[in-house]
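**Q** Before I ask anything, let me first share the structure, which is written out below as structure tokens.
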Amino acid sequence: MTADLIDGKAFAATIRAQVATHVARLKEEHDLTPGLAVVLLGDDPASQVYVRSKGKMTTEAGMTSVQHLLPATTGQDELLELIATLNADPAIHGILVQLPLPAHLDEALVINAIAPDKDVDGFHISNVGLRGTGQRSMVPCTPLGCLMLLRDRLGDLSGLEAVVIGRSNIVGKPMASLLLGESCTVTTAHSRTRNLPDVVRRADIVVAAVGRPEMVQADWIKPGATVIDVGVNRIATPEGGTRLVGDVDFAGCSAVAGAITPVPGGVGPMTIACLLANTLTACCRVNGLPEPDGLTA
Ligand code: GUN
């Protein structure tokens with residue numbers, strides 16, 4: 001391996017510590033406690049683990065954590081009523097509805113029912129529009145975490161060639177928008193992209209977010225490039241067990257890249273750290289207080 005390992009786990013711990021320090025100060029100086037409400041429908045085990053971990057880290061950062069675990073059969077009106085209640089609750093500064101939602105619910109309608117100021121996912125159309133026009137917005141947690149890692153590694157990103165593989169609303173599109181905001185030359189590649197290896201070979205920065213195990217190969221990577229792997233895929237091992245891999249062939253690509261994130265321990269921990277940072281940011285904004293430095297885009 002020649003690439004430097006980008007330790008997202010350690011970096012996320014520093015972000016969470018920064019958030020906790022600022023939260024303590026808010027409490028002391030303004031008697032304010034940021035509050036995060038997470039809503040999960042259904043009993044998908046992976047989502048339950050993820051939501052529980054979000055709750056634990058929220059509390060550890062000194063913030064209030066509220067969780068609404070609802071049956072998968074919850075109706076749209078009931079969910080919209082809950083969101084309206086959370087929108088009106090002054091103790092709640094951030095609202096996250098875990099996606100994907102059960103098929104009978106209208107995801108866009110639900111997301112756009114969240115008050116934009118409390119939309120710590122940054123998925124509301126107001127936040128998408130603000131971000132797309134270079135205005136202050138809430139920034140989606142996973143792309144924000146990737147951006148923090150890239151800035152930490154590379155400093156000024158302007159003029160760099162960035163290729164984002166994947167065009168989801170959660171990662172690919174906001175990631176491309178953030179990199180454009182950093183003055184990168186951005187290409188968004190996807191399943192219909194022709195000659196994907198050639199496109200990726202141009203990149204100083206590769207962000208892989210497609211959900212295809214180990215798809216990005218070593219000979220796609222420009223020597224010295226920075227590779228950010230957003231993928232989390234569980235694959236079978238020859239021994240009959242399973243293991244987590246990213247969208248990047250880590251062993252191969254780490255022999256060519258300049259720096260690379262591992263899976264697990266790369267982008268994943270940054271997502272939760274950024275959720276806490278966004279909740280703090282939302283609390284500061286709604287109360288007209290200065291935002292902590294370095295915790296948003
Ligand atoms: N499901 C997978 N990633 C996310 C995320 O960042 N936010 C929400 N709300 N749901 C998700």
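**Q** With just the Cα atoms of the stretch 10-91, tell me how far they stretch along each of the three principal axes, in Å, largest first.
**A** Its Cα atoms span 41, 31, 14 Å along the three principal axes.
**Q** Could I ask something else about it? Please give the calculated 222 nm ellipticity per residue for the chain, where each DSSP H segment of at least 4 residues contributes -39500 (n - 2.57) and the sum is spread over every residue; nearest 500 deg cm²/dmol?
**A** Details: 10 runs with 119 residues, N = 297.
Counting only the DSSP helices, I get -12500 deg cm²/dmol.
**Q** Multiply the residue separation of residue 59 and residue 78 by 0.36 nm, subtract the distance between their alpha-carbon atoms, and state the gained length in nm to one decimal.
**A** So the chain would gain 4.1 nm between residue 59 and residue 78.
**Q** While we're here: Between residue 1 and residue 198, what FRET efficiency comes out of the Förster formula 1/(1 + (r/R0)^6) with R0 = 30 Å and r the beta carbon distance, rounded to 0.05?
**A** Efficiency for this residue pair is about 0.75.
**Q** If R₀ is 25 angstrom, what is the calculated FRET efficiency for the pair residue 30 and residue 107, using the beta carbon separation as r and rounding to 0.05? Intermediate values should be presented prior to the final figure.
**A** Numbers: r = 35 Å, r/R0 = 1.41.
So, using R0 = 25 Å, E works out to roughly 0.10.
**Q** Shifting gears a bit: If you take the charge dipole of the chain about its Cα centre, with +1 on Lys and Arg Cβ and -1 on Asp and Glu Cβ, which of 244, 82, 70 is farthest toward its positive end?
**A** Projecting each Cα onto the dipole axis, the largest value belongs to 244.
**Q** Can you pull the one-decimal nm distance between simple spin-label points at residue 291 and residue 191, each 7 Å off the Cα toward Cβ?
**A** For the pair residue 291/residue 191, the computed spacing is 3.4 nm.
**Q** Go through the chain and flag any cysteine with no other cysteine's C-beta closer than 4.7 Å, please.
**A** 146, 184, 253, 283, 284
**Q** Using only Cα atoms, find the angle between the long axis of helix 141-154 and the longest principal axis of the chain, and express it within 0 to 90 degrees, rounded to the nearest 10.
**A** 50
**Q** Using the Cβ atoms and a cut-off under 14 Å, what net charge is assigned to the surroundings of residue 6, where Lys and Arg are +1 and Asp and Glu are -1?
**A** Net local charge, residue 6 excluded: -1.
**Q** For labels at residue 235 and residue 151 in the simple 7 Å Cα→Cβ model, what's the distance in nm?
**A** 3.3
**Q** Find the relative contact order for the chain and round it to a whole percent, using C-alpha pairs within less than 8 Å whose residues are 6+ positions apart.
**A** 22
**Q** Dividing the convex hull volume of the alpha carbon atoms of the stretch 187-297 by its residue count, what do you get in Å³ per residue?
**A** Spread over its residues, the Cα hull of the stretch 187-297 gives 136 Å³ apiece.
**Q** Can you bin every Cα-Cα distance in the chain into 5 Å intervals starting at zero and give me the percent of pairs per bin, rounded to whole numbers?
**A** 1, 5, 12, 16, 18, 16, 14, 10, 6, 2, 1, 0
**Q** Pop out the carbon and sulfur fraction of the accessible area of the chain as a percent, whole number, probe 1.4 Å.
**A** C and S atoms contribute 53 percent here.
**Q** If you don't mind, there's one more thing I want to ask. Can you give the FRET efficiency to the nearest 0.05 for residue 89 and residue 46, using r as the Cβ-Cβ distance and R₀ = 30 Å?
**A** 0.60
**Q** If you put +1 on each Lys and Arg Cβ and -1 on each Asp and Glu Cβ, how big is the dipole of the chain around its Cα centre, in Debye rounded to 20?
**A** 460
**Q** Output needed: percent of Cα pairs per 10 Å distance bin for the stretch 169-211, bins running from 0 to the one holding the longest distance.
**A** 26, 59, 14
**Q** Per residue, what accessible area does the chain have, given a 1.4 Å probe and all protein chains present, in Å²?
**A** 45
The values are calculated or read from the model by the stated rules, or taken from the named source; none is laboratory data. Note that the structure is predicted; figures quoted are calculated from it, not measured. Every residue, glycine among them, receives a Cβ derived from its backbone with ideal geometry; neighbour counts consider all protein chains shown. Please note that ligands, DNA and RNA were not included when accessible areas were found on the heavy atoms of the full protein model with its side chains. Shrake-Rupley method; radii C 1.70, N 1.55, O 1.52, S 1.80 Å.
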